[in-house]
Amino acid sequence: MAIAKKVQEVEVILPKLNLEEIEVPIVGDTPLIVHAWSQKAIKEMLDKQMKRANPGRESKNPEEDFQQSLYKLEGGGYGFPSVGFKCAAVTACTSLAGMTKVAARQAFRVVGEMAKVKTVYNGTEMRVDMVRIEGSKPEMREDMVRVGMGTADIRYRGQFFPWKAKLHVIFNANVMSRAQIVNLFNTAGFAVGVGEWRQEKDGQYGTFHVESKNGKEK
(Lines give C-alpha, C1' and ligand atoms only; values in the text may rest on other atoms or scores of the structure.)
Protein backbone atom coordinates (compact mmCIF):
# COMPACT_ATOMS: atom_id res chain seq x y z
CA MET A 1 0.00 0.00 0.00
CA ALA A 2 1.48 3.33 -1.11
CA ILE A 3 1.94 5.92 1.57
CA ALA A 4 0.87 9.40 0.58
CA LYS A 5 3.65 11.92 0.90
CA LYS A 6 2.95 15.13 2.75
CA VAL A 7 3.21 18.09 0.44
CA GLN A 8 5.08 20.96 2.01
CA GLU A 9 3.62 24.35 1.21
CA VAL A 10 6.17 26.97 0.23
CA GLU A 11 5.33 30.63 0.25
CA VAL A 12 6.14 32.27 -3.06
CA ILE A 13 6.81 35.98 -3.02
CA LEU A 14 6.62 37.65 -6.42
CA PRO A 15 8.68 40.80 -6.85
CA LYS A 16 6.46 43.72 -7.85
CA LEU A 17 6.82 44.89 -11.42
CA ASN A 18 7.76 48.54 -11.64
CA LEU A 19 5.23 49.49 -14.30
CA GLU A 20 4.74 53.07 -15.39
CA GLU A 21 2.63 54.75 -18.05
CA ILE A 22 3.46 57.58 -20.41
CA GLU A 23 1.67 59.33 -23.26
CA VAL A 24 3.90 59.95 -26.26
CA PRO A 25 2.38 62.48 -28.71
CA ILE A 26 3.66 62.05 -32.25
CA VAL A 27 3.27 64.15 -35.39
CA GLY A 28 3.55 62.77 -38.92
CA ASP A 29 6.33 64.18 -41.09
CA THR A 30 5.25 62.33 -44.25
CA PRO A 31 1.89 60.82 -45.29
CA LEU A 32 0.69 57.68 -43.53
CA ILE A 33 -0.48 55.05 -46.03
CA VAL A 34 -2.77 52.38 -44.58
CA HIS A 35 -3.64 49.02 -46.09
CA ALA A 36 -5.92 46.84 -43.99
CA TRP A 37 -6.65 43.39 -45.36
CA SER A 38 -9.95 43.62 -47.24
CA GLN A 39 -12.77 41.16 -46.62
CA LYS A 40 -12.65 40.27 -50.33
CA ALA A 41 -8.93 39.41 -50.24
CA ILE A 42 -9.30 37.35 -47.06
CA LYS A 43 -12.28 35.45 -48.52
CA GLU A 44 -10.33 34.62 -51.68
CA MET A 45 -7.47 33.30 -49.56
CA LEU A 46 -9.81 31.26 -47.34
CA ASP A 47 -11.69 29.78 -50.31
CA LYS A 48 -8.39 28.68 -51.86
CA GLN A 49 -7.20 27.04 -48.62
CA MET A 50 -10.58 25.31 -48.14
CA LYS A 51 -10.40 24.11 -51.77
CA ARG A 52 -13.64 25.79 -52.74
CA ALA A 53 -14.56 26.43 -56.36
CA ASN A 54 -13.07 29.68 -57.63
CA PRO A 55 -15.73 31.84 -59.31
CA GLY A 56 -13.02 34.04 -60.82
CA ARG A 57 -11.72 37.48 -59.94
CA GLU A 58 -14.24 40.22 -59.39
CA SER A 59 -13.87 43.45 -61.30
CA LYS A 60 -11.80 46.11 -59.51
CA ASN A 61 -13.76 48.65 -57.52
CA PRO A 62 -11.41 51.54 -56.58
CA GLU A 63 -13.81 53.13 -54.07
CA GLU A 64 -14.46 49.82 -52.31
CA ASP A 65 -10.72 49.01 -52.20
CA PHE A 66 -10.05 52.44 -50.71
CA GLN A 67 -12.73 52.08 -48.04
CA GLN A 68 -11.61 48.59 -47.05
CA SER A 69 -7.98 49.70 -46.72
CA LEU A 70 -8.99 51.86 -43.74
CA TYR A 71 -9.00 50.78 -40.09
CA LYS A 72 -12.34 52.15 -38.87
CA LEU A 73 -13.05 52.70 -35.18
CA GLU A 74 -16.33 52.24 -33.36
CA GLY A 75 -18.20 55.50 -33.00
CA GLY A 76 -16.33 57.09 -35.89
CA GLY A 77 -12.76 57.91 -36.74
CA TYR A 78 -9.83 55.88 -37.99
CA GLY A 79 -6.96 54.02 -36.42
CA PHE A 80 -3.77 52.10 -37.07
CA PRO A 81 -2.72 48.84 -35.34
CA SER A 82 -0.92 49.69 -32.09
CA VAL A 83 1.45 46.78 -32.67
CA GLY A 84 2.75 48.63 -35.75
CA PHE A 85 4.09 51.42 -33.56
CA LYS A 86 5.64 48.94 -31.14
CA CYS A 87 7.33 47.06 -34.00
CA ALA A 88 8.74 50.33 -35.32
CA ALA A 89 10.21 51.16 -31.89
CA VAL A 90 11.69 47.67 -31.49
CA THR A 91 13.28 47.85 -34.94
CA ALA A 92 14.75 51.26 -34.05
CA CYS A 93 16.87 49.58 -31.35
CA THR A 94 19.44 48.83 -34.05
CA SER A 95 20.09 52.59 -34.26
CA LEU A 96 20.66 52.98 -30.51
CA ALA A 97 23.50 51.78 -28.29
CA GLY A 98 22.82 49.68 -25.20
CA MET A 99 19.38 48.35 -26.15
CA THR A 100 18.59 45.05 -27.85
CA LYS A 101 15.41 44.11 -29.68
CA VAL A 102 14.76 41.25 -27.24
CA ALA A 103 14.96 43.59 -24.23
CA ALA A 104 12.76 46.21 -25.92
CA ARG A 105 10.03 43.69 -26.85
CA GLN A 106 9.70 42.68 -23.21
CA ALA A 107 10.02 46.19 -21.76
CA PHE A 108 6.94 48.00 -23.08
CA ARG A 109 3.67 47.80 -24.96
CA VAL A 110 1.50 50.31 -26.79
CA VAL A 111 -2.15 50.31 -25.71
CA GLY A 112 -4.82 51.73 -27.99
CA GLU A 113 -8.58 51.40 -28.47
CA MET A 114 -10.27 48.05 -28.98
CA ALA A 115 -11.99 47.91 -32.37
CA LYS A 116 -14.36 45.16 -33.53
CA VAL A 117 -13.62 43.34 -36.79
CA LYS A 118 -15.88 40.72 -38.36
CA THR A 119 -14.30 37.47 -39.51
CA VAL A 120 -14.92 36.17 -43.03
CA TYR A 121 -15.41 32.55 -41.96
CA ASN A 122 -18.55 32.88 -39.84
CA GLY A 123 -19.07 36.59 -39.29
CA THR A 124 -18.15 36.55 -35.60
CA GLU A 125 -16.45 39.60 -34.13
CA MET A 126 -12.89 39.73 -32.86
CA ARG A 127 -11.17 42.65 -31.19
CA VAL A 128 -8.01 44.36 -32.39
CA ASP A 129 -6.02 47.12 -30.65
CA MET A 130 -5.83 50.41 -32.56
CA VAL A 131 -4.17 53.79 -32.07
CA ARG A 132 -6.50 56.62 -33.14
CA ILE A 133 -5.18 58.68 -36.07
CA GLU A 134 -6.08 62.36 -35.93
CA GLY A 135 -5.43 65.45 -38.02
CA SER A 136 -7.12 64.80 -41.37
CA LYS A 137 -9.68 62.74 -43.24
CA PRO A 138 -8.36 59.85 -45.36
CA GLU A 139 -7.64 60.51 -49.03
CA MET A 140 -7.55 57.94 -51.80
CA ARG A 141 -4.17 57.03 -53.30
CA GLU A 142 -3.66 55.40 -56.70
CA ASP A 143 -0.32 53.57 -56.84
CA MET A 144 1.31 51.23 -59.31
CA VAL A 145 2.81 48.21 -57.54
CA ARG A 146 4.56 44.97 -58.46
CA VAL A 147 3.08 41.71 -57.17
CA GLY A 148 3.81 38.02 -57.57
CA MET A 149 6.31 37.45 -60.39
CA GLY A 150 6.71 41.16 -61.05
CA THR A 151 3.19 41.62 -62.42
CA ALA A 152 2.02 45.23 -62.39
CA ASP A 153 -1.14 46.12 -60.49
CA ILE A 154 -2.98 49.27 -59.39
CA ARG A 155 -3.70 49.70 -55.68
CA TYR A 156 -6.21 52.09 -54.14
CA ARG A 157 -5.43 52.81 -50.49
CA GLY A 158 -6.09 55.39 -47.82
CA GLN A 159 -3.63 58.13 -46.93
CA PHE A 160 -3.56 60.55 -43.99
CA PHE A 161 -1.71 63.86 -44.08
CA PRO A 162 -1.34 65.82 -41.97
CA TRP A 163 -1.68 63.28 -39.18
CA LYS A 164 -0.89 62.85 -35.51
CA ALA A 165 -1.52 60.36 -32.71
CA LYS A 166 -1.09 59.84 -28.98
CA LEU A 167 0.71 56.65 -28.02
CA HIS A 168 -0.24 55.30 -24.62
CA VAL A 169 2.79 53.30 -23.52
CA ILE A 170 3.05 51.00 -20.49
CA PHE A 171 6.65 50.11 -19.67
CA ASN A 172 8.79 48.35 -17.07
CA ALA A 173 10.79 51.12 -15.41
CA ASN A 174 13.31 48.52 -14.17
CA VAL A 175 14.33 48.00 -17.80
CA MET A 176 13.77 51.35 -19.53
CA SER A 177 13.37 54.94 -18.36
CA ARG A 178 10.83 57.48 -19.59
CA ALA A 179 13.57 59.31 -21.46
CA GLN A 180 14.62 56.10 -23.22
CA ILE A 181 11.03 55.37 -24.25
CA VAL A 182 10.58 58.84 -25.75
CA ASN A 183 13.95 58.66 -27.53
CA LEU A 184 13.14 55.20 -28.87
CA PHE A 185 9.89 56.35 -30.48
CA ASN A 186 11.48 59.52 -31.82
CA THR A 187 14.22 57.43 -33.46
CA ALA A 188 11.60 54.99 -34.77
CA GLY A 189 9.74 57.85 -36.42
CA PHE A 190 12.82 58.96 -38.33
CA ALA A 191 14.49 55.63 -39.12
CA VAL A 192 11.61 53.15 -39.45
CA GLY A 193 8.16 54.70 -39.83
CA VAL A 194 4.79 52.94 -40.00
CA GLY A 195 2.38 51.89 -42.75
CA GLU A 196 2.97 51.12 -46.42
CA TRP A 197 6.12 52.29 -48.23
CA ARG A 198 7.61 53.28 -44.89
CA GLN A 199 11.19 54.36 -44.39
CA GLU A 200 12.23 50.89 -43.17
CA LYS A 201 11.07 49.35 -46.48
CA ASP A 202 13.02 51.71 -48.75
CA GLY A 203 10.08 54.11 -48.91
CA GLN A 204 9.67 57.65 -47.65
CA TYR A 205 6.27 57.54 -45.98
CA GLY A 206 4.95 57.02 -42.46
CA THR A 207 7.72 58.98 -40.73
CA PHE A 208 7.02 61.00 -37.59
CA HIS A 209 8.58 62.75 -34.60
CA VAL A 210 7.73 63.06 -30.92
CA GLU A 211 6.14 66.40 -30.16
CA SER A 212 6.89 68.37 -27.01
CA LYS A 213 4.95 71.28 -25.52
CA ASN A 214 6.91 73.80 -27.56
CA GLY A 215 6.30 71.87 -30.80
CA LYS A 216 9.74 70.29 -31.00
CA GLU A 217 11.15 66.91 -30.05
CA LYS A 218 11.47 66.13 -26.38
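The values are calculated or read from the model by the stated rules, or taken from the named source; none is laboratory data. If you're wondering where the values come from, they're calculated on a predicted model, not measured in any experiment. Don't worry about glycine lacking a Cβ; one is built from the backbone with ideal geometry, like all the others, and counts go over all protein chains shown. Remember, those area values only see protein heavy atoms, side chains included, never the ligands or the DNA or RNA. Shrake-Rupley method; radii C 1.70, N 1.55, O 1.52, S 1.80 Å.
Right, Val175: out of contact with any His (no Cβ under 6 Å at 6 or more places or on another chain), of a type in the set (A, V, I, L, M), open to solvent by 50 Å² or more (accessible area, probe 1.4 Å) and in contact (Cβ under 8 Å) with a residue 12 or more places away in the chain or not?
Yes.
Just to be sure I understand the filter: pairs with C-beta atoms under 6 Å, separated by 6 or more residues or on different chains, first member in the range 1-23 and under 30 Å from Val210 (Cβ atoms), second member modelled with pLDDT of 85 or more and small (Gly, Ala, Ser). Which pairs pass?
So the pair list comes out as Asn18/Ala173; Glu20/Ala173.
Test Ile33 against the criterion of being open to solvent by less than 70 Å² (accessible area, probe 1.4 Å) and in a strand (DSSP E or B), and give yes or no.
Yes, satisfied.
I need the full set of residues from the range 132-158 which are over 16 Å from Ala41 (Cα atoms), open to solvent by less than 40 Å² (accessible area, probe 1.4 Å) and part of a strand (DSSP E or B), in order please.
The answer is Ile133, Arg141, Asp143, Val145, Gly158.
Output the number of residues of the range 36-63 satisfying the condition of being loosely packed, with under 15 Cβ neighbours inside 10 Å and without any contact (Cβ under 8 Å) to a residue 24 or more places away in the chain.
Of the residues in the range 36-63, 17 are loosely packed, with under 15 Cβ neighbours inside 10 Å and without any contact (Cβ under 8 Å) to a residue 24 or more places away in the chain.
Taking the options Lys164, Lys213, name whichever one is free of Cβ contacts under 8 Å to residues at least 24 places away in the same chain and more than 30 Å from Ser59 (Cα to Cα).
Residue meeting the stated conditions: Lys213.
Could you tell me whether Phe85 is touching a residue at least 40 places away in the same chain (Cβ under 8 Å), assigned to a helix (DSSP H, G or I) and over 13 Å from the mean Cα position of the chain (by Cα)?
In short, no.
Can you tell me which of (1) in a helix (DSSP H, G or I); (2) open to solvent by less than 30 Å² (accessible area, probe 1.4 Å); (3) more than 14 Å from Ala107 (Cβ to Cβ) is the one Val194 doesn't meet?
Single failed check for Val194: (1).
For residues in the range 81-113 being touching a Gly at 6+ places or on another chain (Cβ under 7 Å) and not hydroxyl-bearing (Ser, Thr, Tyr), which is nearest to Ile154 (Cα to Cα)? Don't jump to the end; show me each part of the working.
Initial filter on the range 81-113 (touching a Gly at 6+ places or on another chain (Cβ under 7 Å)): 82, 88, 112-113.
This time we only want the ones that are not hydroxyl-bearing (Ser, Thr, Tyr), so: 88, 112-113.
On the way: Ala88: 27, Gly112: 32, Glu113: 31 Å.
Here the answer is Ala88.
Keeping to the range 88-131, report how many residues are open to solvent by less than 30 Å² (accessible area, probe 1.4 Å) and assigned to a helix (DSSP H, G or I).
Residues in the range 88-131 being open to solvent by less than 30 Å² (accessible area, probe 1.4 Å) and assigned to a helix (DSSP H, G or I): 7 in total.
Can you report the number of residues in the range 1-40 which are under 18 Å from the mean Cα position of the chain (by Cα), among the polar types (S, T, N, Q) and modelled with pLDDT under 95?
Total satisfying the criteria: 1.
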